[in-house]
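Heads up, the thing below is written out as structure tokens.
Every number here is computed from the coordinates shown, using simple stated rules; none is lab data. Bear in mind the structure is a predicted one, so any value in this text is a computation, not a measurement. Backbone-built Cβ (ideal geometry, glycine too); neighbour counts: all protein chains shown.
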Amino acid sequence: MASKSKGQSQQIKMDSKREFLESSQVNNWIKNALSQLVANRPDDPIAFLDQFFGNLGENTNKMNQALELISISHHSNHGFSQNATSAYEVLSQPKSARHPAGVLGGTYKTFLDHICSSMPVEVREQLFKKIAPRDFEFIPVDVFQSGLLACLILGDYLSISESLYKVLDSSNDNTVEKQVCEAVITELEEILNLSSHLDPTSYVNVGRKLQPDYLALALEDANISSKSSQKLSLSCEDFLKLIAQLFIQKVKPLR
């Protein structure tokens, strides 16, 4: 009898531990952490796990968890696709008892709005006209990844172009000769002419080509005359709006 009672007590303890792990979702996060570790293969695995669990502890809601997953690795890295899928799973909810899980359009737009928060409002609105869904529309994972990549690459595109503008703005007065800006814009347009619409693979290819030294070649080929009689100029804001339009017109619309 004593042996049986002891066995029952141990089983109760085991069940209690199992229930705790399941209710706290610790098992899921450990599996996710190991999956991210294998997918990203960081040079310092311990530091990677420390950052992963540190961010997880500080940000408990689903939106922040998804954003943290996206920030783990750059979109050009091999592990990014797995990170994006994990973010999708964090944000997803079941359609109904008969349908698989998915991300609602409203949640998707909020997520992308966080990703694009540093962009000019006008640029963000133009992009969202292309890729934003209806609020109660369920978004499949491939559309989720495609829109996410569009936002991330556009962010890189604007950041690099802004840096290039600052190099051109030698007087630091937020004015660059319009002819110079047009030469750079022409080069950017050629880079973006990869296809009628950019697919996810093309996004990454564009990102690799948008490097300052690559774009600077436009200035060498432009043969711009500094003695032009008509010296019109563009501000950095106007310059970025123009080049953003080049990118956005190549983004495949949701519908």
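Starting from the Cα of D113, step 7 Å along the direction of its Cβ; do the same at I46; then give the gap between the two resulting points in nm.
Result for the modelled spin labels: 4.2 nm.
Once you place label points 7 Å from the Cα toward the Cβ at F136 and S81, how far apart are they in nm?
The two pseudo-label positions are separated by 3.5 nm.
Kindly provide log₁₀ I(q)/I(0) values, in the same order as q = 0.24 Å⁻¹, from the Debye equation applied to equal alpha-carbon scatterers of the range 101-175.
-1.07
Set the Förster distance to 41 Å, then compute FRET efficiency between E89 and V167 from the Cβ-Cβ distance, nearest 0.05.
For R0 = 41 Å, the calculated efficiency reads 0.50.
How far apart, in nm, are the 7 Å Cα→Cβ label points at V121 and E237?
1.1 nm
Filter the cross-link list K166/K250; K130/K166; K178/K252; K31/K241; K62/K130; K31/K250 down to pairs whose alpha-carbon distance in this structure exceeds 32 Å. Mind showing how you got there, number by number?
On the way: K166/K250 26 Å; K130/K166 29 Å; K178/K252 30 Å; K31/K241 43 Å; K62/K130 25 Å; K31/K250 38 Å.
Cα-Cα > 32 Å for K31/K241; K31/K250; rest within.
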